[in-house]
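Enquirer: Questions regarding the structure given below will be posed in turn.
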């Protein structure tokens with residue numbers, strides 16, 4: 001990656017940056033349990049457990065797969 005001075009965005013590792021943003025977004029979604037998104041994800045993926053204990057499923061949605069990458 002290029003530094004800002006050379007026309008880049010200044011990120012050292014874009015993959016790590018992306019994972020950090022996914023974790024932040026998933027935390028925000030799941031912290032606000034009144035949101036429709038949080039209610040749907042909880043009902044489908046971790047109805048009887050904590051979000052951190054949710055086990056991967058073969059038919060996970062793209063959204064859930066990306067969110068779970070943020071904290072694993």
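Matching residues to (1) loosely packed, with under 14 Cβ neighbours inside 10 Å; (2) assigned to a loop (DSSP other than H, G, I, E, B); (3) touching a helix residue (DSSP H, G or I) at 6+ places or on another chain (Cβ under 8 Å):
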position	(1), (2), (3)
5	yes, no, no
8	yes, yes, no
15	yes, no, no
20	yes, no, yes
24	yes, no, yes
29	no, no, yes
44	no, no, yes
48	yes, yes, no
55	yes, yes, no
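Enquirer: While we're looking at this one, here's another question. For a quick check of your reading of the model, give me the residue pairs whose first member lies in segment 6-22 and is at positive phi and modelled with pLDDT under 80, whose second is surrounded by 10 or more Cβ atoms within 10 Å (Cβ to Cβ) and in a loop (DSSP other than H, G, I, E, B), with beta-carbon atoms closer than 7 Å and at least 6 apart or on different chains.
Expert: Final answer for the pair search is 10/3.
The values are calculated or read from the model by the stated rules, or taken from the named source; none is laboratory data. Just so you know, these numbers come straight off a predicted model, no measurement behind them. When we count neighbours, we look across all protein chains shown, and the Cβ atoms used for this are built from the backbone with ideal geometry, even at glycine.
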